[in-house]
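Q: I have a structure here, written as structure tokens, and I will follow up with some questions on it.
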Amino acid sequence: MSTESKTRAVTTYRLSEMKARGEKISMLTAYDYSMARILDEAGIDVILVGDSAANVMAGYETTVPMTLDHMIYHGRSVARAVERALVVVDMPFGTYQGNSKEALASAIRIMKETEADAIKLEGGVEVLESITRILSAGIPVMGHLGLTPQSIHKFGTYTVRAKEEAEAEKLLEDAIALEQAGCFGIVLEKIPATLGAKVAARLKIPLIGIGAGNGVDGQVLVVHDMLGINNEFSPRFLRRYADLYSTMKNAFESYIADVKSGDFPNEKEQY
Ligand code: KIV
């Protein structure tokens, strides 16, 4: 592990400036060095080392099994590749909910061992004590409201959140509380577009949506979903920019055929 930590071009301050001048923020997930390098060179603003690694990297059905060690491994692999984008690492389930001292210790481990720029965690006022303690150590915190996948066993479904007035009001109150506590941004997942726009208009910090409509300050997607590597997930909010499942499968089939036929390696491909 490198002993020098870098300052990247995109900072939390720069994101707030982008919001102030109405420039949309682009964010995608990455979990490994090679993907993060391509994303950074493409000019993405924020790279999220999401605990969606549980689904797309490890094949779990939920994000609940992810551990701090898993997230540190992915965070470190990504941070090593990134020169420009802001790198945010998800705090996994069970490392911040119950005890704010443990939350701080977990966040410090992520910052020291990954060289990321910030952490993200799910929830509103119920995790405010943990957020406040983490912020007091100078660690930037991004919130996550709406559909919060770590609470899937409480909700029992991944359907759209905050459609009812009471839940929408609670979400707005949570967002205000996170802003007042000092979070630099919030992810809003799978909520009505009108609510996303309302929260974004009410807050000064950037609101990044995933299935939260076009009235928010930026967008995030899981990179395996938008590249079509994962072809088992097709929610309405997902736009696929490639069909890498087919591209990769075709390449693998060609390779297998070439090996079986003896066509690979040819004379130029050997010593
Ligand atoms: O873990 C993740 O990838 C996320 C995004 C869906 C925002 O939290």
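Just so it is clear, none of the values below were taken in a lab; they were calculated from the coordinates. Quick caveat: nothing in here was measured; it's all calculated off a predicted structure. Every residue, glycine among them, receives a Cβ derived from its backbone with ideal geometry; neighbour counts consider all protein chains shown.
Q: If you place +1 on the Cβ of every Lys and Arg and -1 on the Cβ of every Asp and Glu, how big does the dipole about the Cα centre of the range 25-164 come out, in debye to the nearest 20? Show your work: numbers first, answer last.
A: Working: 12 positive and 17 negative charges, 33 e Å.
In total the dipole reaches around 160 debye.
Q: Next question, about the same structure. Given H placed 1.01 Å from N in the peptide plane, which residues other than close sequence neighbours of HIS144 have an amide H under 5 Å from its amide H?
A: It is LEU121, GLY123, VAL187, by chain and number.
Q: When you count, for each residue, the other Cβ atoms within 10 Å and take the mean per peptide, how do 106-112, 186-192 rank with the highest first? Intermediate results must be reported in sequence, preceding the final value.
A: Working: 106-112: 19.9, 186-192: 24.0.
Put in order of decreasing packing, that is 186-192, 106-112.
Q: Output the peptides 210-216, 133-139 sorted from most to least packed, where packing is the average of other Cβ atoms within 10 Å over each peptide's residues. Kindly include the intermediate steps, with their values, before the conclusion.
A: Details: 210-216: 21.0, 133-139: 16.1.
Those peptides, ordered most packed to least, come out 210-216, 133-139.
Q: Further question on the same structure: Does the range 3-240 come out rounded, prolate or oblate by the C-alpha gyration tensor, with a ≥ b ≥ c the root eigenvalues, rounded set by a/c under 1.5 and, if not, prolate when a/b is larger than b/c and oblate if not? Mind dumping the intermediate values first?
A: Numbers: a/c = 1.20, a/b = 1.14, b/c = 1.06.
Rounded.
Q: Quick one: putting +1 on the C-beta of Lys and Arg, -1 on the C-beta of Asp and Glu, what dipole do you get for the chain around its Cα centre, in Debye to the nearest 20? Walk me through the numbers on the way to the answer.
A: Numbers: 29 positive and 36 negative charges, 115 e Å.
Result for the chain is approximately 560 debye, rounded to the nearest 20.
Q: Please list the helices of the chain that count as membrane-span-like by this rule: a mean Kyte-Doolittle hydropathy of at least -0.5 together with Cα atoms stretching 18 Å or more along the helix axis, each helix being a complete DSSP H run. Present the calculation step by step, with values, prior to reporting the outcome.
A: Details: long enough: 68-81 (20 Å, -0.24); 100-114 (21 Å, -0.10); 165-181 (24 Å, -0.21); 244-261 (25 Å, -0.18).
Answer set is 68-81, 100-114, 165-181, 244-261.
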